[in-house]
Every structure is written in structure tokens, then in C-alpha cells.
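Structure first, commentary second.
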Amino acid sequence: MSLIDKIRKARESVVEVDGKKFTIRRPTEAEQVQALADRASRLDLVRRFVVGWSLQEIDIIPGGDPVDVAFDNELWTEYVNDKAELWDPISSAIKALVDDHNAKVERAEKK
């Protein structure tokens, strides 16, 4: 694993929604600034900062097989565009990662 992969992995967390697990990544401070400038929606955040899942084909398409599906960003975007029930809980979890990080930075600066 490269150092850049390790840095990204350190910002990851898993959120469970309706029994399904999604790996989310905390946006960097630069990505947070860009998201604000772009006026990113909850859906934009979910599309961009979900980086993994534990889904099977049957979870993605009716009548699919009960086999694991590797995460693919294009597939994720297509899937989540039609799953509004995921937008709020996942975007809230991403925001919580940002809030937790900002609180840690603030505490460290006060020391």
C-alpha cells in the first residue's frame, strides 16, 4: 500500500444503513472548501465520498445473484442516484467525520 493510500485509508470509516455497510472517506480540508464553493448537495457528498461497500448483486438489482460486487465509482453513482433514502444518513455520517476532525484540530491548536 502506498503512502498516499495509507493517508486516504486513515480518513475512512464505515457507516451502516438498513443493514448495508458503506465505507466513507472524510473530505480533506481542501475538498471541504471546494464543496462549499460548489454548494455541494447531500447527494454530491455521498457520490464523492463513499469509497467502498459491502453489497451483493442482489442488493443492487432485483433478481441479482447473492455474490459480492466490487465497489466501482460509476456503478455507485448509478445506484445511489435512485436511492434517496441513503443520502441523508450517509451525508450525515460524512459531516460527522468532518466535525470530529475539526474538533480534534481545534483541541490540538489550544494546547
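Shown for the chain: the carbon plus sulfur share of the solvent-accessible area, taken with all protein chains present and a 1.4 angstrom probe, equals 50%. Highest mobility in the GNM of the chain, judged by mean-square fluctuation with C-alpha springs under 10 Å and restricted to ILE58, ILE94, ILE24, is found for ILE58.
Between beta-carbons, use under 13 Å as the cut-off and find the net charge around ASP72, counting Lys and Arg +1, Asp and Glu -1.
Charge balance near ASP72 sits at -3.
For the chain, the mean residue ellipticity at 222 nm estimated from helices alone is -17500 deg cm²/dmol, where every DSSP H run of n ≥ 4 contributes -39500 (n - 2.57) and the total is divided by all residues, rounded to the nearest 500.
Restricted to Cα atoms, the chain shows a radius of gyration and a Dmax of 15.3, 56 angstrom.
Here r is the Cβ-Cβ distance between ASP65 and GLU85 and R0 is 25 Å; the resulting FRET efficiency, rounded to 0.05, is 0.60. Largest mean-square fluctuation among LYS83, LYS21, LYS95, in a Gaussian network model of the chain whose springs join Cα atoms under 10 Å apart, belongs to LYS83.
So, counting K/R as plus one and D/E as minus one, what does the shell of residues with Cβ under 12 Å around SER41 add up to? Value of the local net charge: +1. Counting only protein heavy atoms and a 1.4 Å probe, the range 13-111 has 64 square angstrom of accessible area per residue. Counting Lys and Arg as +1 and Asp and Glu as -1 over every other residue whose Cβ lies under 10 Å from the Cβ of GLU57, the net charge comes to -3. For the pair ASP72 and ASP38 in one chain, pulling the backbone fully straight at 0.36 nm per residue adds 9.8 nm over the alpha carbon distance.
What is the gain in length, in nm to one decimal, between ALA96 and ASP5 on full extension, counting 0.36 nm per residue of separation less the C-alpha to C-alpha distance?
Gain in length upon complete extension: 30.6 nm.
The values are calculated or read from the model by the stated rules, or taken from the named source; none is laboratory data. All figures in this text were calculated on a predicted structure; none of them were measured in a lab. Cβ sites come from the backbone with ideal geometry, for glycine too, and all protein chains shown count toward neighbours. These area figures cover heavy atoms from the full protein model, side chains too; ligands, DNA and RNA do not enter into them. Shrake-Rupley method; radii C 1.70, N 1.55, O 1.52, S 1.80 Å.
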